[in-house]
Amino acid sequence: MKLLQLPLVALLATTALAQNCVIGGPKNGTHVKPGKNITVEVDRPDSLTGSTEVAIIIGFMSCVGFPNSQCPPPDELIGSVLYNGPYNPQFHTNVTPTKPPYQNFSVMIPTTARKGVAQLSVTHVSLVGAGPFPLLESLNVSLIVQ
Ligand SMILES: *[C@@H]1O[C@H](CO)[C@@H](O)[C@H](O)[C@H]1NC(C)=O
Ligand SMILES: *[C@@H]1O[C@H](CO)[C@@H](O)[C@H](O)[C@H]1NC(C)=O
Ligand SMILES: *[C@@H]1O[C@H](CO)[C@@H](O)[C@H](O)[C@H]1NC(C)=O
Ligand SMILES: *[C@@H]1O[C@H](CO)[C@@H](O)[C@H](O)[C@H]1NC(C)=O
């Protein structure tokens, strides 16, 4: 039984890797201001395995006050939810260099954001393959609130 399960787990892991999203922007270390909107670009590299998008959550959390200004992982704490809803990545052919399908979201940095390091997170939920199996992934970049 164990022997039979291993290849499936390996297959699922490989498939899951191919479904990963990438935060195309803002770049890690970007300076932001409370109350101002920023564009969050969520890239979804094209892959062979069919997957169905379910939703994404864009979160913001100040890391000030945590040891070494290190926020808890975004799959444990999200903080303020800046966006929660559908994710519909599209090809944008008018951009150079060519990018994978992506979607931009305009979200506002909370007016109460504390100065210093903060964590912007993207939590992505999708259905992968014919099974399908659910995929949950968390991504993050650090922002500097001025
Ligand atoms: C992101 O930026 C933060 C703060 O500037 C820095 O501490 C961290 O090492 C950077 N992480 C990566 C993956 O570059
Ligand atoms: C944030 O993302 C970087 C890769 O960009 C990763 O190395 C790091 O473990 C993540 N941090 C947390 C707290 O999940
Ligand atoms: C999405 O946002 C990025 C970064 O701000 C920008 O370069 C790109 O032109 C935007 N794409 C669209 C279709 O608005
Ligand atoms: C700023 O972000 C909020 C969500 O945080 C959004 O509702 C609003 O439309 C955005 N404003 C602009 C000008 O894009």
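The values are calculated or read from the model by the stated rules, or taken from the named source; none is laboratory data. Values in this document were obtained by computation on a predicted structure and should not be read as measured data. Cβ coordinates were reconstructed from backbone atoms using ideal geometry, including for glycine residues, and neighbour counts include every protein chain displayed. When the accessible area is computed, the model is the full protein with side chains, heavy atoms only, and any ligands, DNA or RNA have been set aside. Shrake-Rupley method; radii C 1.70, N 1.55, O 1.52, S 1.80 Å.
For a Förster distance of 35 Å, can you work out the FRET efficiency between the beta-carbons of Glu76 and Thr112, rounded to the nearest 0.05?
That pair, Glu76 with Thr112, gives E of 0.95.
Taking θ as phi - 60°, what are the ³J(HN,Hα) couplings along the range 133-146 by the Karplus curve (6.51, -1.76, 1.60), each to the nearest whole Hz, with x for Gly and Pro?
After applying 6.51 cos²θ - 1.76 cosθ + 1.60, I find 10, x, 10, 10, 9, 10, 10, 8, 9, 8, 10, 10, 7, 9 Hz.
Quick one: if the Förster radius is 41 Å, what FRET efficiency do Gln146 and Asp46 give, using the C-beta to C-beta distance and rounding to 0.05?
Efficiency computed from Cβ-Cβ geometry: 0.70.
Taking H placed 1.01 Å from N in the peptide plane, check which residues at least 5 places from Leu143 or on another chain put their amide H under 5 Å from its amide H.
It is Gly29, Ala118, Gln119, Leu120, by chain and number.
Non-local amide H neighbours of Leu82 (under 5 Å, H modeled in plane, Pro and chain starts lacking H): which ones?
Close amide H contacts, sequence-distant or interchain: Ile58, Gly59, Phe60.
Give me a comma-separated list of calculated 3J(HN,Hα) values for the range 53-64, in order, Karplus coefficients 6.51, -1.76, 1.60 applied at θ = phi - 60°, integers in Hz, x for any Gly or Pro.
Values, residue by residue: 6, 10, 6, 10, 10, 9, x, 9, 8, 6, 9, 5 Hz.
How many percent of the accessible area of the range 81-122 is carbon or sulfur, using a 1.4 Å probe?
C and S atoms contribute 54 percent here.
List, in order, the whole-Hz ³J(HN,Hα) value for each residue of the range 69-77 obtained from phi through the Karplus relation with A = 6.51, B = -1.76, C = 1.60 and θ = phi - 60°; use x for Gly and Pro.
For the range 69-77, the Karplus-derived couplings read 6, 9, 6, x, x, x, 7, 10, 9 Hz, x marking Gly and Pro.
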